[in-house]
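Chemist: To start, I am sharing the structure in question, which I have written as structure tokens.
The values are calculated or read from the model by the stated rules, or taken from the named source; none is laboratory data. Given the structure is predicted, the values throughout are model-derived calculations rather than measurements. Positions of Cβ are generated from backbone atoms using ideal geometry, with glycine treated the same way; all protein chains shown enter the neighbour counts.
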Amino acid sequence: MRDNAKSGALTEVTFYILLSLYTPKHGYAVMQFVEEKTGGRLSLGAGTLYGALNSLQDKKWIEPYGDSEGRKRIPHYSTGKRNCRKRACKTK
């Protein structure tokens, strides 16, 4: 991902992933959320989603949460929330 955390700039995909993670979700629920909120304009494949989630986890913006049937729920850190809010304010 080419996000610039220092300036607050996020890619559109990252913005929607973080927005979806305002409450904990499994990966498939994240993909559904992004597709629904963009009217199908953005449709994430598993590789893209999990690559983005790993990158966000490396940046300490999100962390795995719990374990349900082998799946990780992924809520994001407050840093990710702040960046998501900044981006949302800029688009208004």
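Chemist: Run LEU56 past the list (1) at pLDDT 85 or above; (2) surrounded by fewer than 16 Cβ atoms within 10 Å (Cβ to Cβ) and report the number of the one that doesn't hold.
Modeler: (2)
Chemist: In this structure, is LEU49 part of a helix (DSSP H, G or I), at pLDDT 90 or above and of a type in the set (A, V, I, L, M, F, W, C)?
Modeler: yes
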